[in-house]
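What follows is a short report on a single structure.
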Amino acid sequence: MLLKDPGGVIANIAQEAMLLFSGYRATFHGMLPLTGVLFLLGLAASIMRCNQIKASFLDAIAVFFLFIALIFSPFLLHLLTGGYLPDRSLMGIPYLYWLFVAIALQTSYLRIRLLAQILILLITVQYIQISSFSSFSHNFVAVHDQLTASQIYERIANQIDDYERIKSYPLEFVGPLRFPNIGHYLKGHSAVTGSSIFEWDDGNPHRSTALLKAFGMGNFRTITDEQRASIISEIDKMPLWPNEGSVRNINGIIVVKFDEYAKHIRSRIEQHAP
């Protein structure tokens, strides 16, 4: 991607960086434009410090490129992915923020220092509000997943004669179970924030099975694509969760059908059809 369209990749990275540093990125789950002002204060304080110590022209150029390198260092992996990466790949951004905030707070310029202190207080209030909203959302999604896991476990036990907790059973989750967002819960642009684990990765059976294990329901194992292909015709006939028949025992494999298979997953399974 970088070799095919280097200009486009760099433009994507620059756009991502501008949205992040200006505080308008959906990553924050709220607009934080004051963080951009605070970031610019730190950058300005750094430049003014270089001027104050009467650095040579070459030293000033070196410092300039050092700051450019620092600003774009969290985005280096974006060069390999066309300028797009999940939010968790941007963990270096907070450290970069704190560097420039520390510079603004410790500058010898009184006005910059006072303005930085005021902005920090205002931004702290914004972060508390966003953090509270995020915590509220995550707690309710966690409760939803716990209740759903309990219901699934009970329905599975009803499908197996002489069910034993110490015996391992093959289990398949079909499709994602989307957590209904009715406007009261924070929902990020990523597939994780404010989302049920049962809907991650278009309904990843490995994650869903691991969630049951985390709740102490660990006597299940995932199946292979060959096994999925052997029962997919029966899966297609099943109704969706929570309707009667959405949990079935098909040839010894427990199937929980939340939704239809995503297209790319179904295509992969059909490659193993007999």
Look through the stretch 119-168, keep the residues that are in the same structural domain as residue 221 (by TED's automatic domain parsing), of a type in the set (Val, Ile, Thr) and out of contact with any helix residue (DSSP H, G or I) (no Cβ under 8 Å at 6 or more places or on another chain), and return whichever of them is nearest to residue 35 (Cα to Cα).
141
Here the residues within the stretch 63-80 that are in contact with a helix residue (DSSP H, G or I) (Cβ under 9 Å, 6 or more places away or on another chain), among the β-branched types (Val, Ile, Thr) and either at pLDDT 80 or above or farther than 16 Å from residue 48 by Cβ (or both) are 71
Residue 268 - would you say it is buried (at least 18 other Cβ atoms within 10 Å of the Cβ), more than 17 Å from residue 196 (Cα to Cα), in contact with a helix residue (DSSP H, G or I) (Cβ under 7 Å, 6 or more places away or on another chain) and not aliphatic (A, V, I, L, M)?
no
Residue list for the stretch 48-62, restricted to those being under 27 Å from residue 110 (Cβ atoms) and modelled with pLDDT of 75 or more
48
Candidates 186, 177, filtered to the one that is at pLDDT 85 or above and part of a loop (DSSP other than H, G, I, E, B):
177
Check 77, 121 and return the single one that is more than 23 Å from the chain's Cα centre (by Cα), surrounded by fewer than 18 Cβ atoms within 10 Å (Cβ to Cβ) and in a helix (DSSP H, G or I).
121
Here is a list of conditions, (1) modelled with pLDDT under 90; (2) closer than 11 Å to residue 269 by Cβ, and residue 235 meets all of them except one; can you say which number that is?
(1)
Between a first residue in the stretch 210-222 that is closer than 15 Å to residue 164 by Cα and a second residue that is at pLDDT 90 or above and among the polar types (S, T, N, Q), which pairs have beta carbons less than 6 Å apart while being 6 or more apart in sequence or on different chains?
220/209
Go through the residues of the stretch 247-255 one by one and say whether even a single one is in the same structural domain as residue 143 (by TED's automatic domain parsing), part of a loop (DSSP other than H, G, I, E, B), in contact with a Leu (Cβ under 7 Å, 6 or more places away or on another chain) and at pLDDT 85 or above.
no
Please count how many residues of the stretch 208-244 are basic (Lys, Arg) and surrounded by 16 or more Cβ atoms within 10 Å (Cβ to Cβ).
1
Give 137, 150, 131, 108 a once-over and let me know the one that is part of a loop (DSSP other than H, G, I, E, B), among the small types (Gly, Ala, Ser) and either under 30 Å from residue 67 (Cβ atoms) or out of contact with any strand residue (DSSP E or B) (no Cβ under 7 Å at 6 or more places or on another chain) (or both).
108
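The values are calculated or read from the model by the stated rules, or taken from the named source; none is laboratory data. Predicted model only: the values in this text are computed from it and were never measured. Glycine gets a Cβ as well: all are built from the backbone with ideal geometry, and neighbour counts include every protein chain shown.
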